[in-house]
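For reference, the structure is listed below as C-alpha cells.
Throughout, read-outs are computed from the coordinates displayed, never taken from laboratory work. Fair warning: this is a prediction, and the values are worked out from it, not measured in the lab. Methodologically, a virtual Cβ is constructed for each residue, glycine included, from the backbone with ideal geometry; neighbour enumeration extends over all protein chains shown.
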Amino acid sequence: MRFKGWVYALAVFGLGLSLAQTGQALYGQYCASCHQANGQGLPGTFPPLAGHVQEILAQKDGRTYLIDVILFGLQGSIQVKGQTYNGQMPAWGPQLKDGEIAAILNYISTNLGNTPPKGFKAYTAAEIAKERAKKLTPDKVYALRKSLKL
C-alpha cells in the first residue's frame, strides 16, 4: 500500500510539471512573439505581462478579464507601467482549447515575474468554457479593462 502512495504522488507531481511545461510551451508558441519570452513586451508596441498580470489579478474581476482578453481579444488604447499601447490583441478563442487557455493563464500568473495573490487557484478548462459562452467582442473586453481602472 505504501508503494502505491508513492507512485500516486509521483504521477501527480509529474502531471503538475507537464501542465506547467505545457503552459510555457503554449505561451512560447502563441504569446512570446509579441510579449517576448521573458514577458517584457516591446515598449510602445506590445505591453509587458511581467509584473502586470499580478496587478490585474489583484483587482476584483481581474481574473475574468484575463480570460476574456485571451478568448476575445482587446482593442483600444491602454496604459501599462506608464507606457501607452494602442494595438490590438488577437482573439485566441477560435484557435485554442479551454485547457490550453487555462495552461497559458496559469503560466503567466505564476511566472514572468508575477506573484499571484494569496489564495490564487489555478485556472481550469471548465472556468474558461463558462466564460467562452459569453461571446464578447474586443470592445467589450476593453470596457471591462476600463472598469478595472488599470
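Here are the numbers:
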item	result
Spacing of the two label points (7 Å from each Cα toward its C-beta) at THR110 and GLN88, in nm	3.4 nm
Inter-probe distance in nm under a simple model that places probes 7 Å from Cα toward Cβ, at ALA32 and ALA58	2.8 nm
Highest-fluctuation residue, GLY93, GLY44, GLY62 considered, GNM on the chain with Cα pairs under 10 Å	GLY44
Computed helical MRE - 222 nm, the chain, DSSP H runs ≥ 4 contributing -39500 (n - 2.57), nearest 500	-16500 deg cm²/dmol
Residues THR45, THR22, sorted so that the one with the fewest Cβ neighbours within 10 Å comes first	THR45, THR22
